Amino acid sequence: MNIGPSGTEPSLAWVRSSYSNGAGGECVECVTDGGRILLRDTKIADGHVTAVGAPAWRSFTHAVRRGWAEPR
C-alpha cells in the first residue's frame, strides 16, 4: 500500500538499512508505525512511503534471511 509522500507522516525515527554504504547507495529506510512497517528510498526522503503489515514484513525478512530469491 502506498501512503503518499513522507512529508505527510508525523516525525518518525527512520532506520537506514545496514547495507547502506553512506555514498548514496541503493538502500531503504524503515520505521514501525503501529501495526505496520513504513518503507522509503534513502535517496528520496520526502518521496512516497510504502506501508506493509507487520506479519508480511516478518515473513519477507525471514525469507530473505533463509536465502530466498525470486525465480528468474
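Table for the structure above
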| read-out | value |
| --- | --- |
| Residue within region 7-20 that is modelled with pLDDT of 85 or more, assigned to a strand (DSSP E or B) and out of contact with any Ser or Thr (no Cβ under 6 Å at 6 or more places or on another chain) present | yes |
| Residue 68 modelled with pLDDT of 85 or more and of a type in the set (A, V, I, L, M, F, W, C) | no |
| Flag for residue 45 being modelled with pLDDT under 90, over 16 Å from residue 15 (Cβ atoms) and either aliphatic (A, V, I, L, M) or assigned to a helix (DSSP H, G or I) (or both) | no |
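The values are calculated or read from the model by the stated rules, or taken from the named source; none is laboratory data. Treat the numbers as computed from the prediction; the structure is a model and nothing was measured. Positions of Cβ are backbone-derived with ideal geometry, glycine not excepted, and every protein chain shown enters the neighbour counts.
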